[in-house]
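First the structure, in the form of structure tokens, and then the observations on it.
The values are calculated or read from the model by the stated rules, or taken from the named source; none is laboratory data. Just so we're clear, the structure is a prediction, and the values are computed from it rather than from any experiment. Neighbour counts are summed over all protein chains in view; Cβ atoms, including those assigned to glycine, are modelled from backbone coordinates with ideal geometry. Calculation scope for accessible area: heavy atoms of the full protein, side chains included, ligands and nucleic acids excluded. Shrake-Rupley method; radii C 1.70, N 1.55, O 1.52, S 1.80 Å.
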Amino acid sequence: MSDAVVTSAKSSDAPLSRLQLALRKPGFLIGAVIIGFSTLLALFPSFFAPYDPNFIDYLAVRQPPSWAHPFGTDMLGRDALSRVIHAYTVNMQMAILATVFALTIGVTIGALVGYYRGVADMIFGRVVDAIITFPFLVLVIAVVAVLGPGLIKMYIAITLVGWVYYARLMRAEVIAQMGNDYASAGIVMGYSDRRIIFRHLLPNAITPVIVYWMTDMALAILLGSSLGYLGLGAQPPHAEWGVLIAEGRNFITTAWWLSLMPGIAIVITGLGFSLIGDGLADLLRPRG
């Protein structure tokens, strides 16, 4: 009776100890605060923005940062702080929608290929070799150039290219998990392939993919902003950090704040996702 109580207590304390370990890391806490606040800005931009982001005031064109306009104003007199805040909605949307479809497709294909191997694995290997031969950004730009500019076209392009990286990682994890006793036991007991893959292998192999996803969200923001800067992502007059930087590039010497402020927002938000990814790696890493 006492041994069962001790065992139960240890099993209930294990997840808590991991969480405490992650929370004790300053980087994880900083990342959580950054992403939490960024999410609030993305969900309620009008509550935080002091002005309408599209309000034009020709009497306040390219004013430097001041108490009235902490981030200055742009070439049309629009408040730069309000536009940076409203851009959180688009850029946080990019972080999710540009990666979640690639994550879903890649995890599914990777799990199936890692489980069945054979001809499917050989075909998958050739597809991976063909895609990773070219730089990721070049392929995305090429697909967007064919589909046309716009956020939806950008999400499609990133998904068509990005699923491979998730699938390759999931395939390797599933193959590693197949060597464990529980996988062999499931096969011997006559479990269906679907049950073994999605109820046993997938939950045990998903940890590195989730960590990679956090980092990929940061890269998605950078990629989306880069495409916006090139005119292939979000289109004006929508406020998006890459678009804002592009609008201010012609005034970099006279109105430096136009490009600097959205650039800082990109760096801080990307840093937040990276710090959370590092914290999750510690939280989900198997403990001996």
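FRET efficiency for T39 and V146, Cβ-Cβ distance as r, R0 = 41 Å, nearest 0.05? Efficiency for this residue pair is about 0.80. Ignoring chymotrypsin sites (Phe, Trp or Tyr not before Pro) that are buried or in helix or strand per DSSP, and keeping those with at most 14 other beta carbon atoms within 10 Å, what is the longest stretch of the chain between them? No qualifying site falls inside 68-255, the longest such stretch.
Accessible area per residue for segment 109-256, computed on protein heavy atoms with a 1.4 Å probe, is 50 Å².
Of the trypsin sites (Lys or Arg not before Pro) found in segment 73-127, those that fall in a DSSP loop while having at most 15 other beta-carbon atoms within 10 Å are R117.
Calculated accessible area for segment 35-105 comes out at 50 Å² per residue, all protein chains present (probe 1.4 Å; ligands, DNA, RNA ignored). When a 1.4 Å probe is rolled over the protein heavy atoms, the share of accessible surface on segment 132-243 that falls to carbon and sulfur comes to 68 percent. Going by accessible surface with a 1.4 Å probe and the largest first, I141, I264 read I264, I141. In the chain, taking the dipole from charged Cβ atoms about the Cα centre, the farthest positive-side position among P70, L139, S225 is held by L139.
Each helix, a run of at least 4 DSSP H residues, gives -39500 (n - 2.57); summed and divided by the residues of the chain, these come to -24000 deg cm²/dmol at 222 nm. Solvent-accessible area of L271, probe 1.4 Å, all protein chains present, reported in Å² to the nearest ten, please. About 90 Å², rounded to the nearest 10.
For the chain, the dipole from Cβ point charges (+1 on Lys and Arg, -1 on Asp and Glu) about the Cα centre works out to 440 debye, to the nearest 20.
Quick one: Debye curve from the alpha-carbon atoms of segment 37-173 only, equal weights, vacuum; give me log10 I(q)/I(0) at q = 0.19, 0.20 Å⁻¹ to two decimals. Rounded to two decimals, the profile gives -1.02, -1.07. A dipole drawn for the chain from +1 and -1 charges on Cβ atoms has a positive end, and of Y155, T207, L40 the residue lying farthest that way is T207. In a Gaussian network model over the chain where Cα atoms closer than 10 Å are linked, find which of M122, M261, M75 has the largest mean-square fluctuation. Maximum fluctuation in the GNM of the chain, among the listed residues, is at M122. Helices meeting the span-like rule in the chain (full DSSP H runs, Cα extent of at least 18 Å along the helix axis, mean Kyte-Doolittle score of 0.0 or higher): 2-23, 26-43, 80-116, 118-132, 151-178, 207-229, 257-284. Most fluctuating residue of G190, G242, G27 in a GNM of the chain with Cα springs under 10 Å: which is it? Answer for the Gaussian network model of the chain: G190.
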